[in-house]
Amino acid sequence: MKKFFLFVLVLQGLFSCKDTDVAVIQDNSDSKEVENIIVGANKDSEGCLTTAGYTWSKLKKDCVRLFDSGVRLYPKTDPNTQDALLITYLILSDDGMEAEVFIPNQDQSLVLIRAKEATPWVFNEWELTAFEGFTLRKNSEVLFSGDGEIGPKFTGSDKNGD
């Protein structure tokens, strides 16, 4: 009897440790094979773990978490938003001569360059200025601005109103 339970245990171990599982999904037309995807293991083309909030930075040449290391620029239309899908993130190069901007609904970040200290960073129709925070313009129209602090801005109080 012990040998039987050991045999069943070994068989269960062998069949439950496959490298990839294939599931067959039946629908009305014909069957399709779909490879199982490991939840939480999505990586972008640069190898950054996107499900953990990492994205590739051209300036840092590394995976970064924008909400931890980027300066938040809030949309002009809703400057108090905390919606991460509306916020633009900014990362500066170590020497401050380049600025990488991550704009919502854009496939790629933009790298803006400044010609010399105390001048705006520019790329095509985009311009980033630094005065009491940062302001990002496209064709001279202000789209985003922020206080220049890394991380979220806090409003209100942590005290109860009681």
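A short reminder: the numbers here are calculations on the coordinates, not readings from a lab. The model shown is predicted, which means the values in this text are computed figures rather than measured ones.
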Item to check | Amide H contacts of GLY70 (H built 1.01 Å from N, under 5 Å, at least 5 apart or other chain) | outcome: GLY151
Next on the checklist: Quick check: convex hull of the Cα atoms in region 42-100, volume per residue, rounded to a whole Å³?
Outcome noted: 92
Checklist entry - Out of every Cα pair in region 64-154, what percent are spaced more than 21 Å from each other? => result 22
Checklist entry - Whose amide H sits under 5 Å from the amide H of SER145, counting only residues 5 or more places off or on another chain, with H placed in the peptide plane? => result TYR74, LYS76, LEU136
